[in-house]
Amino acid sequence: MNIQINIVIPAATGNVPGVWNLSGTVQYFKVVNLSGQFDVRAGNSQTTMLNPGDGFGNAGSAVYTALTFYNFGGVAIAATVYCGLEPCTLATTAINSTVTATATLSNVLTLCIEAVPRQFCTIGAVGNPVALSAGVTFFRRCLLIAAKSLGGAANGGNISLGFSSVAGQQPIQLSPGDTYLLDMAAVGSKVNFQYLYLAISVAGDGCVAIFS
């Protein structure tokens, strides 16, 4: 059966995304209209929908029995989507029914997206603040540890961190072994480690970042 669905995906609350679940047989999926970006999980694949016409499915693709929609933003998203067992050309595909549905926020463990934490260690340079990451690396939440190795080797002195490359403008002060939770990304946003700078006073000291 081919259906066109008008849905409202609730806004995220904190780090918990708004979730809407669809049960049915789906091989082809296409966005007809949307008021904002959202993700769709089908099986083990997750796809971000940005514009009308975005979607997935072809003659050889898997047939799914459920789709999960995620909204990571702070505003509810209205969307019209097509789901069916044949390609959607919008103008010529027969639509058997149109359904309107509004979801409620869900924080059930089995519906949440898995976050896979990563970690790295950055060694500073005395007198010159260095970016915590030389390449583009994003995070939403990060635990900073005043240590000079992933094994937790203690620093010899205090370190400072901040979002400025100018010496003396790193206001987060950490003694050896101290930790600091950086949870500053607004809902639906992310922060680049390239903008977070590390200053040290003892050569060889560094900072470990554990993040997701």
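A short reminder: the numbers here are calculations on the coordinates, not readings from a lab. Since the model is a prediction, treat every value here as computed from it, not as a measurement. Note that each Cβ is placed from the backbone with ideal geometry, even for glycine, and that neighbours are counted across all protein chains shown.
Net length available on complete extension from Asn6 to Gln37 is 9.6 nm, with 0.36 nm assigned per residue and the Cα-Cα distance removed. Computed from the Cα positions only, the extents of segment 118-211 along the three principal axes stand at 38, 29, 21 Å, in decreasing order. Evaluating 6.51 cos²θ - 1.76 cosθ + 1.60 at θ = phi - 60° for every residue in segment 9-18, the Karplus couplings come out as 8, x, 5, 5, 10, x, 8, 9, x, x Hz, glycine and proline recorded as x. Note on Ser212/Thr89: beta-carbon distance plugged into 1/(1 + (r/R0)^6) with R0 of 35 Å gives a FRET efficiency of 0.30. With r defined as the distance between the Cβ atoms of Thr48 and Phe120 and R0 fixed at 25 Å, what FRET efficiency is calculated, to the nearest 0.05? After rounding, the FRET efficiency stands at 0.45. Among the listed values [x] 0.94; [y] 1.00; [z] 1.15, the one computed from these coordinates for Rg/Rh (Cα atoms, Kirkwood Rh) is [z]. Taking 0.36 nm per residue of separation and subtracting the current Cα-Cα distance, fully stretching the chain between Ser149 and Asn192 would add 13.4 nm. Counting every other Cβ atom within 10 Å of each residue's Cβ, Met49, Met184 order from fewest to most as Met184, Met49.
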